[in-house]
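> A single structure is presented below for examination.
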Amino acid sequence: MSRLPLSVGLDYHSDSIQVAVVDEAGSEVRSRSVPNDVDAVMAVIGPQPVKAVAIESCTGAACLADDLVDRHGLTVFLAHTGYVHKMRQSPDKSDYTDARVLADLVRVGYLPRVWHAPREIRQLRRLVRYRQFLARQRRAVKQRIGAVLRDERIQAPACRRWTLRWLLWLEQEATLSDEGRWTVMEMLDELRYLDHKVERSEDRLRARVADDATVTKLMQTKGIGLVIACTLRAEIGRFDRFRTGKQLSNFCGLSPRNASSGRRMADAGLLKQANRELRAVILQGAHLLKRYHPRWSQLAEEMKARGKHGSVIVAAIANRWMRGLHHEMRSMGLAA
């Protein structure tokens, strides 16, 4: 039997995995559908040396990759699903063809990879995204309360919404109809419950990152709190996986998007392909940096004097902050 290394493609499903094994010449060695079990996958691969394993990035694929690496010492890459789909030459789609394409791509070194986040980062990411989910629910409840007030044409007092004074007015003085008041009181109970859940999630985040040097460094910047620092840590993970600050800024969706054609020169806002929650958190951080940090305050004043809109100023601060943060983290050895 030849001892040349094999290339393996895995088409992942929650209940089964299609395994395709090819040799260095691209000839099929084995192809079989097995239950979603690491030992069953290894039984198909066999004892011959393995060059690399490719799995399309999807829910559960990272955990399978962890098992293959930790238990069997294999080299495993996660593949970008969209790019793999574009690179498939045949119009036919099946589990067999998907696994075979992955095996061929990893064999020739053309596999479009995505970052395989460590288990610790994925756990932090789960906490961060759950907190984001709770925050969206809380925001939706506040919007529904505001809709009731607008529907009944009730004018709020001259104070900031959702402060203690404003909530006291809403509960005791707002001239709501009977059903309107009952509905608002129910939604206020829901709002208090969600506030409690958000606080619990933030306590859990605080305990999770207590010994994380990257989060500690981020929070040393005035205006950058726990939620922003944890979101950056969870979604970016390692700063050194980006070669340049521009790559990091592009990943965060903060670089300007050019829409020029021929002699027509035009801008089209920011890059659209990005993690929107991550970008929103970074822009929120840019607002705070503009308020508290002398360097960014000066930049904001200079851009405002040139007639730049406020949203453009905040986006520019966020873009430059991310590029500088990439260099700073790498130079301090906090890229991981």
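The values are calculated or read from the model by the stated rules, or taken from the named source; none is laboratory data. Since this is a predicted model, take the numbers as computed values, not measurements. Cβ: placed from backbone, ideal geometry, glycine included. Neighbour counts: every protein chain shown. Please note that ligands, DNA and RNA were not included when accessible areas were found on the heavy atoms of the full protein model with its side chains. Shrake-Rupley method; radii C 1.70, N 1.55, O 1.52, S 1.80 Å.
> Every residue in the stretch 133-180 that is surrounded by 10 or more Cβ atoms within 10 Å (Cβ to Cβ), of a type in the set (A, V, I, L, M) and either in contact with an Asp or Glu (Cβ under 8 Å, 6 or more places away or on another chain) or closer than 25 Å to Arg200 by Cα (or both), please.
Within the stretch 133-180, Leu134, Ala135, Ala140, Val141, Ile145, Leu167, Leu168, Leu176 meet the criteria.
> Give me the helices (runs of 4 or more DSSP H) completely within the stretch 146-228, filtered to those with at least 3 residues that are small (Gly, Ala, Ser), ordered by residue number.
Values: elements: 164-172, 178-208, 213-219.
Answer list for the stretch 146-228: 178-208.
> Do any strands (runs of 3 or more DSSP E) entirely within the stretch 1-107 hold 2 or more residues that are closer than 26 Å to Arg122 by Cβ, of a type outside the set (Phe, Trp, Tyr) and without any contact (Cβ under 8 Å) to a residue 40 or more places away in the chain, and if so, which?
Values: elements: 6-12, 16-22, 28-35, 50-56, 76-79.
The strands (runs of 3 or more DSSP E) meeting that bar are 28-35, 76-79.
> Looking at this structure, is Cys63 hydrophobic (A, V, I, L, M, F, W, C), touching a Phe, Trp or Tyr at 6+ places or on another chain (Cβ under 9 Å) and either open to solvent by 30 Å² or more (accessible area, probe 1.4 Å) or modelled with pLDDT under 95 (or both)?
Numbers: hydrophobic (A, V, I, L, M, F, W, C): yes; touching a Phe, Trp or Tyr at 6+ places or on another chain (Cβ under 9 Å): no; either open to solvent by 30 Å² or more (accessible area, probe 1.4 Å) or modelled with pLDDT under 95 (or both): yes.
Taking the combined requirement at face value, the residue does not satisfy it.
> Testing Asn258 on (1) modelled with pLDDT of 95 or more; (2) touching a strand residue (DSSP E or B) at 6+ places or on another chain (Cβ under 7 Å), one condition comes back false. Which one is that?
The one condition Asn258 does not meet is (1).
> Among the residues of the stretch 108-132, what is the count of those that are without any contact (Cβ under 8 Å) to a residue 40 or more places away in the chain and open to solvent by less than 50 Å² (accessible area, probe 1.4 Å)?
Residues flagged as without any contact (Cβ under 8 Å) to a residue 40 or more places away in the chain and open to solvent by less than 50 Å² (accessible area, probe 1.4 Å) within the stretch 108-132 amount to 1.
> Could you identify the single residue in Leu283, Leu271, Leu248 that is open to solvent by less than 90 Å² (accessible area, probe 1.4 Å), at pLDDT 90 or above and in contact with a Lys or Arg (Cβ under 8 Å, 6 or more places away or on another chain)?
Values: Leu283 fails: in contact with a Lys or Arg (Cβ under 8 Å, 6 or more places away or on another chain); Leu271 fails: at pLDDT 90 or above.
Criteria check complete, one pass: Leu248.
> I'm trying to understand the selection: among the residues of the stretch 301-336, which are part of a helix (DSSP H, G or I), farther than 26 Å from Glu235 by Cα and either among the charged types (D, E, K, R) or modelled with pLDDT under 90 (or both)?
Those that are part of a helix (DSSP H, G or I), farther than 26 Å from Glu235 by Cα and either among the charged types (D, E, K, R) or modelled with pLDDT under 90 (or both): Glu301, Glu302, Lys304.
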